[in-house]
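To start, the structure itself, in structure tokens.
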Amino acid sequence: MKKLLDVLSGLVGQAFADCGYDSSYGKVTVSNRPDLCEFQCNGALAAAKAYRKAPIKIASEVVERLTGKTDQAETKPVWQEASAVPPGFINLKLDAGFLAGWLGQMAADEKLGCDTEEKPQTMVIDYGGPNVAKPLHIGHLRSAIIGESIKRICRFMGNHVIGDVHLGDWGLQMGLIMQAVKEEHPELPYFDPDFSGDYPEEAPFTIGELEQIYPAASARAKEDEEFSRRAHDTTYQFQNGDRGLRALWQHIIRVSVADLKENYRRLNVDFDVWYGESDAQPFIPDMVERMKKEGYAHESQGALIVDVAEETDTKEVPPCILVKSDGATLYATTDLATIVQRVREFDPDAIIYLTDKRQEMHFTQVFRVSRKTGLVDDHVKLVHIGFGTMNGKDGKPFKTRSGGVMRLEYLIGEIEDAVYNRIMENRTMEEAEARQTAAVVGLAALKYGDLSNQASKDYVFDIERFSSFEGNTGPYILYTIVRIKSILAKYRANFGEEAESRAASEAAILPAAGEAEHQLQLCLAQFAETIDVAYHELAPHKICQYVYELSNAFNQFYHGTKILAEENEERRESYIRLITLTRQVLETGIDLLGFSAPDRM
Ligand code: ARG
């Protein structure tokens, strides 16, 4: 199905052409003065220059065309109002019949009017990015939440999308843990160079212990130079294939990944592949060798580097270091090798990364090296979406009450409690149901609170505000959906199941009877455009904005309309079809954001 603005632009463009102007001047946009009109076209202003004519004259000619009798008798009128306004704007208002007809088509379309990508792309989304054995904290939360939404949006548009968690499973943190375990339990076979049997199947630690080991070892390394040196050695040995350390490493990964999966499940986030930094390592030697041989990489102070500065740079972009003077490879080396791996396995058209925006320079370097050395074809898009920090009310990075970095599960717990208390204030639910509902609503509060901000901006994490059932919040959107579900349930109770399903899927949507209904219809008609923009800009916050506006439009309509008590059967059924469509659009929207609505709240 075509998008509404495209159709309207086509019609106005035709009117321009009929008057002897180029049809490209007919571009129609949603009005930025909704008090004056619904849509507008500013093409006459631009045409005035090209045709050396007063803009208002051109606008008037076009308007005359638009409002004049249509040539084809069966064409229904499109405009209720079209007017030329000085200096040369064209203000437009849609005909109610046209709009209702449009919604009828949209309701019959399985994608609610959204067109999928003509040439589906293969896309890898690199998000989550947790580090093995380090607790998942809120620093990784945004990556997971935004990445999941972007994955869903790209997939909804018909692309082949692969979500990759890209585990941090290779660095010094692994050596620190192993060294700490070794010093605590030197008797374990992993550390015996003469051991040639099978290593135990069970890990020598639980996730709880593992999470204690890492911070303790990391703190110790900062103070104890000797320990730090031993941990570096261990890292080196494990990276170079020490059999016992590799076996121990497998245990760390298994225990840690099981815990991560549980955390992501609670967040309604899931990955198609669980590759890690370690999986890219085998690609490093050949890649580095080739970059050397082909003259891209050269030595500088003992290190191997690739220059990536460009003349147009406004701020310095330092060379990308592939291999340090001590032979160690770096984060960038791993990311480059990961690109090699992804090209081999998926042959992607795009790779999209989600991290804190402080990693921007890193990705600038990695992308430039990839292009320069031909790791990817020219057509491949490499995109880094850098997001801002989640701050507390004091404007500083969010911390627990006791001042520590907040662990994800505590954070989720806090927001669930806040929602639970609100639900219990109304006392309409048993405790057990309220708990379950709080989990669903709490997740919406958390995700919407995050996604409704433009990703690159810092934002204040405010549990009170995010969990409110009113205002621009996740719970408010869910509340609106629950309200629609409840009207539909009452309709079913009054008129029978069959009547409900018939009205919901077959009834004609009638031209709006009042202004609130007209506004609701207008808002619905803009769904496809919204999704299209969110997709092209990789911007979930556009969907948040939209579902909020749609919820407001629905609630306005709801407060001024007797839906169930409407006596005219045709109109009543039209309402049911309209609110069912509203529900579908809202539910599709929140699904793209990564959460869902309960039945009651
Ligand atoms: N593990 C990294 C971190 O915690 C994030 C990884 C992001 N992805 C990537 N391909 N570099 O900062």
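The values are calculated or read from the model by the stated rules, or taken from the named source; none is laboratory data. What you see is a predicted model; the values in this text were computed from it and never measured. Cβ placement follows ideal geometry from the backbone for every residue including glycine, while neighbour counts extend to all protein chains displayed.
Find the residue count for the stretch 149-174, including only residues that are within 16 Å of the ligand (Cβ to nearest atom) and part of a helix (DSSP H, G or I).
Looking only at the stretch 149-174, we keep the residues that are within 16 Å of the ligand (Cβ to nearest atom), and these are 150-151, 162-174.
Going one step further and asking which of them are part of a helix (DSSP H, G or I), we end up with 150-151, 172-174.
So the answer is 5.
Would you confirm, using the coordinates I've provided, whether residue 292 is out of contact with any Ser or Thr (no Cβ under 9 Å at 6 or more places or on another chain) and surrounded by 15 or more Cβ atoms within 10 Å (Cβ to Cβ)?
Against the criterion (out of contact with any Ser or Thr (no Cβ under 9 Å at 6 or more places or on another chain) and surrounded by 15 or more Cβ atoms within 10 Å (Cβ to Cβ)), residue 292 qualifies.
When only residues in the stretch 108-148 that are among the acidic types (Asp, Glu) and in a loop (DSSP other than H, G, I, E, B) count, which is nearest to the ligand (Cβ to nearest atom)? Steps first, answer last, please.
Step one: list which residues in the stretch 108-148 are among the acidic types (Asp, Glu), which gives 109-110, 115, 117-118, 126, 148.
Filter once more, so that each one left must be in a loop (DSSP other than H, G, I, E, B): 109-110, 115, 117-118.
On the way: 109: 37, 110: 35, 115: 31, 117: 24, 118: 29 Å.
Applying the filter and picking the extreme gives 117.
For the stretch 521-542, give me each residue that is without any contact (Cβ under 8 Å) to a residue 60 or more places away in the chain and either of a type in the set (Lys, Arg) or assigned to a loop (DSSP other than H, G, I, E, B) (or both).
537, 542
Going through 360, 414, 425, 409 one at a time, which residue ends up being part of a helix (DSSP H, G or I) and either under 23 Å from residue 150 (Cβ atoms) or within 15 Å of the ligand (Cβ to nearest atom) (or both)?
Of 360, 414, 425, 409, the one residue that is part of a helix (DSSP H, G or I) and either under 23 Å from residue 150 (Cβ atoms) or within 15 Å of the ligand (Cβ to nearest atom) (or both) is 360.
Given the options 256, 228, 218, name the one that is in a helix (DSSP H, G or I) and under 29 Å from residue 450 (Cα atoms).
Numbers: 228 fails: under 29 Å from residue 450 (Cα atoms); 218 fails: under 29 Å from residue 450 (Cα atoms).
Residue meeting the stated conditions: 256.
In contact with a Phe, Trp or Tyr (Cβ under 9 Å, 6 or more places away or on another chain), surrounded by 15 or more Cβ atoms within 10 Å (Cβ to Cβ), assigned to a loop (DSSP other than H, G, I, E, B) and modelled with pLDDT of 95 or more: does that describe residue 511?
yes
Rundown of residues vs (1) of a type in the set (Ser, Thr, Tyr); (2) touching a helix residue (DSSP H, G or I) at 6+ places or on another chain (Cβ under 8 Å); (3) surrounded by 19 or more Cβ atoms within 10 Å (Cβ to Cβ); (4) under 18 Å from residue 253 (Cβ atoms), yes/no style:
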{"site": "178", "(1), (2), (3), (4)": "no, yes, yes, yes"}
{"site": "199", "(1), (2), (3), (4)": "yes, yes, no, yes"}
{"site": "204", "(1), (2), (3), (4)": "no, yes, no, yes"}
{"site": "212", "(1), (2), (3), (4)": "no, no, no, yes"}
{"site": "219", "(1), (2), (3), (4)": "no, no, no, no"}
{"site": "225", "(1), (2), (3), (4)": "no, no, no, no"}
{"site": "234", "(1), (2), (3), (4)": "yes, yes, yes, yes"}
{"site": "237", "(1), (2), (3), (4)": "no, yes, no, yes"}
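To keep it simple, each residue is scored yes or no on (1) out of contact with any Asp or Glu (no Cβ under 6 Å at 6 or more places or on another chain); (2) surrounded by fewer than 19 Cβ atoms within 10 Å (Cβ to Cβ).
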residue	(1), (2)
143	yes, no
149	yes, no
153	yes, no
160	yes, yes
170	no, no
181	yes, no
187	yes, yes
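Determine, yes or no, whether residue 164 is touching a strand residue (DSSP E or B) at 6+ places or on another chain (Cβ under 8 Å) and either farther than 16 Å from residue 16 by Cα or touching a residue at least 40 places away in the same chain (Cβ under 8 Å) (or both).
yes
Tell me, yes or no, whether the stretch 342-349 has at least one residue that is more than 27 Å from residue 160 (Cβ to Cβ) and surrounded by fewer than 16 Cβ atoms within 10 Å (Cβ to Cβ).
No: zero hits.
When the residues of the stretch 514-542 are filtered to those that are hydrophobic (A, V, I, L, M, F, W, C) and either closer than 21 Å to residue 490 by Cβ or at pLDDT below 95 (or both), which remaining residue is surrounded by the fewest Cβ atoms within 10 Å (Cβ to Cβ)?
516
Across the stretch 567-601, which residue is modelled with the highest pLDDT among those that are of a type in the set (Asp, Glu) and more than 22 Å from residue 508 (Cα to Cα)?
Among those that are of a type in the set (Asp, Glu) and more than 22 Å from residue 508 (Cα to Cα), it is 591.
Applying the selection to the stretch 363-384, what residues are β-branched (Val, Ile, Thr) and within 9 Å of the ligand (Cβ to nearest atom)? I'd like the intermediate steps shown before the answer.
As a first pass, look at the stretch 363-384 and keep what is β-branched (Val, Ile, Thr): 364, 366, 369, 373, 376, 380, 383.
366, the sole residue that qualifies.
With the condition kept exactly as written, say whether any residue in the stretch 488-499 is under 17 Å from residue 595 (Cβ atoms) and of a type in the set (A, V, I, L, M). Before the answer, list the steps.
Taking the stretch 488-499 and keeping what is under 17 Å from residue 595 (Cβ atoms), we get none.
No, the stretch 488-499 contains no residue that is under 17 Å from residue 595 (Cβ atoms) and of a type in the set (A, V, I, L, M).
Of the residues that sit in the stretch 289-336 and are more than 16 Å from the ligand (Cβ to nearest atom), in contact (Cβ under 8 Å) with a residue 12 or more places away in the chain and in a strand (DSSP E or B), which one is nearest to residue 235 (Cα to Cα)?
Here the answer is 323.
Examine the stretch 62-70 for a residue that is assigned to a helix (DSSP H, G or I), closer than 21 Å to residue 511 by Cβ and modelled with pLDDT under 95, and state whether such a residue exists.
So far as the stretch 62-70 goes, yes, one or more of its residues are assigned to a helix (DSSP H, G or I), closer than 21 Å to residue 511 by Cβ and modelled with pLDDT under 95.
Working only within the stretch 277-301, note down all residues that are more than 12 Å from residue 337 (Cβ to Cβ) and in contact with a His (Cβ under 9 Å, 6 or more places away or on another chain).
292
In the stretch 393-421, what count of residues is obtained for those that are over 12 Å from residue 138 (Cα atoms), at pLDDT 80 or above and not β-branched (Val, Ile, Thr)?
11
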